[in-house]
Structure formats: C-alpha cells, structure tokens
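Q: Before I ask anything, let me first share the structure, which is written out below as structure tokens.
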Amino acid sequence: MPRKTPCLKVHKINGEKTIALAYSLGIIDEELKIQRDEDHIYVPLTRNPSQNETQRLNQQIESLEISTYNFQERKTYPKKFKEFLEDRLPPSLLASLPRAIDFVGDIAIIEIPPELEPYKTEIGNAILRTYKNVQTVLAKAGAVKGEYRIREFSLIAGVNKTETVHKEHGCKFHVDLTRAYFSPRLSNEHLRVASMVNESETVIDMFAGVGPFSILIAKKHKNVKVYAVDINPDAVAFLERNIKLNRVERKVHPIIGDARQVVKQQLHGLADRVVMNLPEKALDFVDAACEAIKPDGGIIHFYSFVNGKEGLENLKLQFTKEIEKFKRRVNRIVFSRLVRETAPYKWQAVLDAWVS
Ligand SMILES: C[S@@+](CC[C@H](N)C(=O)[O-])C[C@H]1O[C@@H](n2cnc3c(N)ncnc32)[C@H](O)[C@@H]1O
C-alpha cells in the first residue's frame, strides 16, 4: 500500500547529496522506497524538517522542495519469488522465509532457518529465477567471527564461487566473501561518512577491510589523504586492487597491520577524522583513535553494538568516559543512530563525536 509522506524533491543530479544530508539529519524514512521520475528523486521523510534543518537543506542543495509523495513500502520480496516457491514449500513454511536477501555483486546471500533447510535448493533456484543478474546463491553457514570478521558460506544454487565485483555509489569493489569482510548493509553509512569529509582532510580508516569507506572518501574529494589500515592480509590485497580499480592511488594509502601499532609507529597525531568500524571491539581501540587524531582534535566515527535505543544512550556515556581516560574530551556527539539490526534486540550503532 502506498503511503503519503513528507519528502524532499530534488533534481536527480543532486540525489546522492540529498540522501546523504537527509541521513545525517536523521530524518529519512528507511521503511519507504526512494522514488524517481524522469528528472527528480523523492526522498521519504519521517517528519517535516525543522526550520534549522530546512535552512541547512536549502543552503546545501539547489532547488530543493519540501513536498509530499505517495511512497511504496521498501522490501517485500518480488511477487515472482514467492510464486516460484508456492507449490514447492508447505504453505506454513512460506512465512519462515527470511526477510532479507543481501546482494554483493552477482552473488545473493540468504540465511536459511532450520525448518527451511530441506528446501534450500528450491529457495536458491527461486532466487536465480527472480533476480536475473544473480549467478550464485550462498547460504550463511555460521556467524561472522575471528579477528578478520569473516564467515563461512555454503552454495545453494548457481555457480560455485565466493568472489565478485560489487558496485556501490559509483565505486567498484573486488571482494571474496570468505577471505575479507564486506557488507552491503553498510552502504548508507559509507556514503554518509564520505559526505561529511571536508577537502584537505587527513582520514585514518582504522579497520578498512576492502576499502568501502576509504575509497568512497577519496572518490568524492579532490584533496584528501586517507590511511586505510587492516590486519587481514587478504583484505589489504583486495583493498590494493580496489584502490587501483577506482584510480585513487594518490589519495588512499593502504597499510597492513594492527591499527594500534600502525598508529603508534606511523600515524600519530595526523588525523582530522578517524573511522572505527570494528563494532565488537571498538571500545578497546579508543586509545589508538585518541592517539591518531590531531593534537587540537578531530571527528571520530565510532561503531559499536548496543541493545536498542537505551543502549545507544549508554554507549554515549561509555564512549565519553573512555575518551577521558586518554586525556581527550568529547566536545559534542554530533550525530548518533542505530544503523541496522544484527540479531533480535542487537543493533549496530554509530556515534560521530567531535573530540579535542
Ligand atoms: C567489520 S570489518 C569492517 C571493514 C570495512 N570498514 C567495511 O565497512 O566493510 C572490520 C575489519 O577490521 C579488521 N581488523 C580487526 N582487528 C584489527 C586490528 N587490530 N587492526 C586493524 N584491523 C583490524 C578486520 O580484518 C576487518 O576487515
């Protein structure tokens, strides 16, 4: 059912910038699908922007209109997918189909609940028939684990491979899902953070993976220096390949190693901005982030796991306390949000903090 909702209407050339700004203001409605016509895009909002927000939007985006529009709800499977399965699965099990399919390049990834295990090949085939550009369907075969934050997969349909090229915000990323971390669910965060960077900044991406923050930052800005650090040699090999593929060799400097050691030895006091996307351990690395930022301060994008909105408030207190242990202070938490649900009641959250 379409829903009539406040929205931002802009010319499509300003689409990306508008989405990023609406995210950073926390007013975008993620349950609704962004709509397009020939010239414009329509960005759904949870509410009308305040006077200050309207002023910011108008200052930064040309010919922006605050309007209303009929939006479709985001993400229910295409009708076809369920149709392919209707006569192959007991009707009671149709409701058990997982809510989300992730797409990384031409690979689809799905989580098969135990009761659907006997039907996984049918589910895989239905995905191949529904999404014509998918070559491979993988099922998650365990949790993300270990220092390198990777997981195992099993093939349920299509070509047997785990390597592909994924496109995100105009960049291309070679990834092998079994050798280095990559999640398409962080796409909005990659864009939001990259859009906040200012020209001439030095950025340290402490846990860079195959480079989705670092490379997008470099692609979007003429004059930036990004140090992209990761401890996983395979992730850094893909990162190096992706730096070349996206032609950002002069701006992104890959470094292999433990972020704490690398900061101590090579990057002490250099950063205007630090990206800390290692949610399960980020609090343990606050000392290194404090050491990385310039003596007069900088911004830290800090990711962690929390339990709901209350957890987010606790995280702000914990982070502020941790920063103070290293002779720094949080001047302001400029932005915070729950990014995505990773398990029931468990969320990945982000804080953007101005630290001096
Ligand atoms: C959650 S992934 C994030 C990757 C990337 N930022 C992204 O958005 O796709 C965390 C990354 O941190 C790396 N890592 C874990 N411990 C590390 C450490 N001590 N120093 C540097 N990198 C580390 C892992 O290898 C992994 O690639």
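Residue by residue, here is whether (1) at pLDDT 95 or above; (2) touching a strand residue (DSSP E or B) at 6+ places or on another chain (Cβ under 8 Å); (3) not hydroxyl-bearing (Ser, Thr, Tyr) holds:
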residue	(1), (2), (3)
Pro118	no, no, yes
Leu138	yes, yes, yes
Gly146	yes, no, yes
Ile150	yes, no, yes
Leu155	yes, yes, yes
Asn160	yes, yes, yes
His166	yes, yes, yes
Phe182	yes, yes, yes
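Q: A further question follows. Considering each of Phe335, Phe305, Phe285 in turn, give the residue that is within 15 Å of the ligand (Cβ to nearest atom), surrounded by fewer than 20 Cβ atoms within 10 Å (Cβ to Cβ) and not in a loop (DSSP other than H, G, I, E, B).
A: Going through Phe335, Phe305, Phe285 in turn, the sole match is Phe305.
Q: For region 178-218, what are the residues that are of a type outside the set (Ser, Thr, Tyr), over 21 Å from Tyr303 (Cα atoms) and either part of a strand (DSSP E or B) or not assigned by TED's automatic domain parsing to the domain that holds Arg340 (or both)?
A: Selection gives Arg179 alone.
Q: Given the criterion out of contact with any Gly (no Cβ under 6 Å at 6 or more places or on another chain) and part of a loop (DSSP other than H, G, I, E, B), identify the matching residue among Glu16, Glu62, Glu53. Talk me through it step by step, then tell me what you get.
A: Details: Glu16 fails: part of a loop (DSSP other than H, G, I, E, B); Glu53 fails: part of a loop (DSSP other than H, G, I, E, B).
Being out of contact with any Gly (no Cβ under 6 Å at 6 or more places or on another chain) and part of a loop (DSSP other than H, G, I, E, B) holds for just one of Glu16, Glu62, Glu53, which is Glu62.
Q: Of the conditions (1) over 25 Å from Leu25 (Cα atoms); (2) of a type outside the set (Phe, Trp, Tyr); (3) modelled with pLDDT under 95; (4) within 16 Å of the ligand (Cβ to nearest atom), Thr342 fails just one. Which one is it?
A: (1)
Q: Output the residue which, of all residues in region 269-282 that are buried (at least 17 other Cβ atoms within 10 Å of the Cβ) and closer than 23 Å to Thr342 by Cβ, is farthest from the ligand (Cβ to nearest atom).
A: So the residue we want is Val274.
Q: Scan region 236-256 and tell me whether some residue there is in the same structural domain as Ala208 (by TED's automatic domain parsing), within 14 Å of the ligand (Cβ to nearest atom), farther than 22 Å from Ser356 by Cα and among the small types (Gly, Ala, Ser).
A: Within region 236-256 (the criterion being in the same structural domain as Ala208 (by TED's automatic domain parsing), within 14 Å of the ligand (Cβ to nearest atom), farther than 22 Å from Ser356 by Cα and among the small types (Gly, Ala, Ser)), the answer is yes, since at least one residue qualifies.
Q: Then there is this: Looking only at region 79-97, decide whether some residue is surrounded by 14 or more Cβ atoms within 10 Å (Cβ to Cβ), at negative phi and assigned to a strand (DSSP E or B).
A: Looking through region 79-97, none of the residues is surrounded by 14 or more Cβ atoms within 10 Å (Cβ to Cβ), at negative phi and assigned to a strand (DSSP E or B).
The values are calculated or read from the model by the stated rules, or taken from the named source; none is laboratory data. Since this is a predicted model, take the numbers as computed values, not measurements. Cβ: placed from backbone, ideal geometry, glycine included. Neighbour counts: every protein chain shown.
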